Amino acid sequence: MKVLITGANGQLGREIAKQYKEIKEIDLILAGRSDLDITKVNEVYSFVNKNKPDVIINCAAFTAVDKCETEIDMAYKINTIGPKNLAIAANEIGAEIVQVSTDYVFDGNMHQSLTEFDEVNPQTVYGKTKLEGEKLVRSFNPKHYIVRTAWLYGDGNNFVKTMLNLSETHKTLKVVNDQTGTPTSTVDLARVIIKLVEDKNYGLFHCTCKGQCTWYEFTKEIFRIKGIDTEVLPCTTDQFPRPAKRPEYSVLRNYMLELTTGDITRTWQEAISEYLK
Ligand SMILES: NC(=O)c1ccc[n+]([C@@H]2O[C@H](COP(=O)([O-])OP(=O)(O)OC[C@H]3O[C@@H](n4cnc5c(N)ncnc54)[C@H](OP(=O)(O)O)[C@@H]3O)[C@@H](O)[C@H]2O)c1
C-alpha cells in the first residue's frame with residue numbers, strides 16, 4: 001500500500017511516518033510544505049497523479065489558533081481549501097483521504113463529553129475553517145476518515161514543551177484552571193489513524209486519550225512526573241485574555257471507535273508519563 005503524508009514535518013506527520021516505517025508493506029511518500037503546498041490546486045493534482053497513493057493522510061494545518069483570528073484568508077486556504085484539493089485529487093484516482101480535525105468545532109458550553117453526533121458550533125476562525133475542511137472532504141471523497149482530536153503533543157512545539165521551558169526560568173507559574181479537555185499524544189492518535197485505514201473504517205471519529213483535566217491539572221502532572229519544583233497556581237481564562245476564545249469544556253468521547261473496532265487509546269496520564277520518559 002502506498003501512503004502519502006502531507007504536512008509530514010508536523011507533530012502528527014512525524015509520528016504517523018515513524019509508525020508506518022515499522023510496517024514493511026507500506027510504501028511511504030513524505031511531503032513537507034516545501035515538497036507540496038496543499039493550498040496550490042494544480043500542484044496538488046499533479047503531485048497526487050504522479051505519485052498515485054492509495055491513501056492520503058493530511059497532517060498539514062494552520063494550527064496557530066490565535067494567529068488564525070487575524071490571518072483569516074490563510075486559515076481558510078490551509079484548513080479548508082487544502083483539504084478540499086487533496087480530497088478531490090484523491091477521489092480522481094480512487095484513493096482514500098484522512099483529514100484531521102479538532103475539538104474547536106464545538107463551542108465548549110455543554111458540560112458533558114461530546115460525541116460525533118453532537119451539534120458543532122465553532123467560535124473561532126480556526127474552528128470554523130477546520131469544520132469547513134471536514135465538510136468539503138466529506139462531500140468530495142466518499143472514502144474519507146475524518147478524525148477529530150484535541151490538546152495534541154508529540155515531536156514539535158506544544159504545550160508540554162512550553163511549560164517545561166517556562167519552568168527553567170520561573171519559580172511560579174499561573175495556569176488556567178477553567179478550561180477542560182483531554183491531552184492527547186500523537187502516539188495514540190497515529191495508532192488509531194493507522195488502524196482506521198487498515199480496517200477501511202470510513203467516517204467521522206473522535207480520537208483523544210481517555211479522561212479529562214484542566215491545563216492547570218495537566219501542568220501539575222507534567223511537573224510531578226519530571227520532579228520539577230516550580231509552583232503552579234490556578235488562574236482563570238479572564239486573567240489571560242487571548243485573541244481566540246477557547247472552549248470551556250471540550251472533552252471528546254471516542255464514541256464511534258467504541259461502537260466499531262474499539263477504543264485503543266490510553267489514559268492521558270499513561271500517555272504523558274511515557275512521553276516524558
Ligand atoms: N496541535 C494541537 O493541539 C491540535 C489539536 C486539535 C487538532 N489538531 C489537528 O491535528 C493535526 C496535526 O496537528 P499538529 O499539531 O501535528 O500540527 P503542526 O505540528 O503545526 O504541523 C502542521 C504542519 O503543516 C504544515 N503546513 C502548514 N501549511 C501548509 C501548507 N500550505 N502545505 C503543506 N503543509 C503545510 C506545517 O509546515 P510549517 O511548519 O512549514 O508551517 C507543519 O509542518 C492538524 O490537522 C491540526 O489541526 C491539532
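The values are calculated or read from the model by the stated rules, or taken from the named source; none is laboratory data. Since the model is a prediction, treat every value here as computed from it, not as a measurement. We place every Cβ from the backbone using ideal geometry, glycine too, and count neighbours over all the protein chains shown. These area figures cover heavy atoms from the full protein model, side chains too; ligands, DNA and RNA do not enter into them. Shrake-Rupley method; radii C 1.70, N 1.55, O 1.52, S 1.80 Å.
Condition check: assigned to a helix (DSSP H, G or I), modelled with pLDDT of 95 or more and either touching a Lys or Arg at 6+ places or on another chain (Cβ under 8 Å) or small (Gly, Ala, Ser) (or both). Does TYR126 satisfy that?
Here the answer is no, as TYR126 does not meet what is asked.
Taking SER46, is it free of Cβ contacts under 8 Å to residues at least 60 places away in the same chain, of a type in the set (Gly, Ala, Ser), open to solvent by 40 Å² or more (accessible area, probe 1.4 Å) and within 11 Å of the ligand (Cβ to nearest atom)? No, not satisfied. The residues of the stretch 64-74 that are exposed (fewer than 15 other Cβ atoms within 10 Å of the Cβ) and over 16 Å from ASN157 (Cβ atoms), listed by number, are THR70, ILE72, ASP73.
For every residue, the table says whether it meets (1) open to solvent by less than 80 Å² (accessible area, probe 1.4 Å); (2) of a type in the set (Phe, Trp, Tyr); (3) within 16 Å of ARG14 (Cα to Cα); (4) more than 8 Å from the ligand (Cβ to nearest atom).
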site	(1), (2), (3), (4)
ASP37	yes, no, no, no
VAL41	yes, no, no, yes
ILE56	yes, no, yes, yes
ILE81	yes, no, no, yes
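The residues listed here are LYS52, LYS24, LYS77; of these, the one that is away from the ligand (no atom under 15 Å from the Cβ), open to solvent by 60 Å² or more (accessible area, probe 1.4 Å) and closer than 20 Å to PHE140 by Cα is LYS52. Condition test on GLY32, is it within 20 Å of the chain's Cα centre (by Cα), at positive phi and within 13 Å of the ligand (Cβ to nearest atom)? No. Checked against (1) on the phi < 0 side of the Ramachandran plot; (2) open to solvent by less than 70 Å² (accessible area, probe 1.4 Å); (3) touching a strand residue (DSSP E or B) at 6+ places or on another chain (Cβ under 8 Å), ASP118 passes all but a single condition, namely (3). For the stretch 205-227, the condition holds for no residue, the condition being that it is out of contact with any Asp or Glu (no Cβ under 8 Å at 6 or more places or on another chain), assigned to a helix (DSSP H, G or I) and closer than 25 Å to PHE117 by Cβ.
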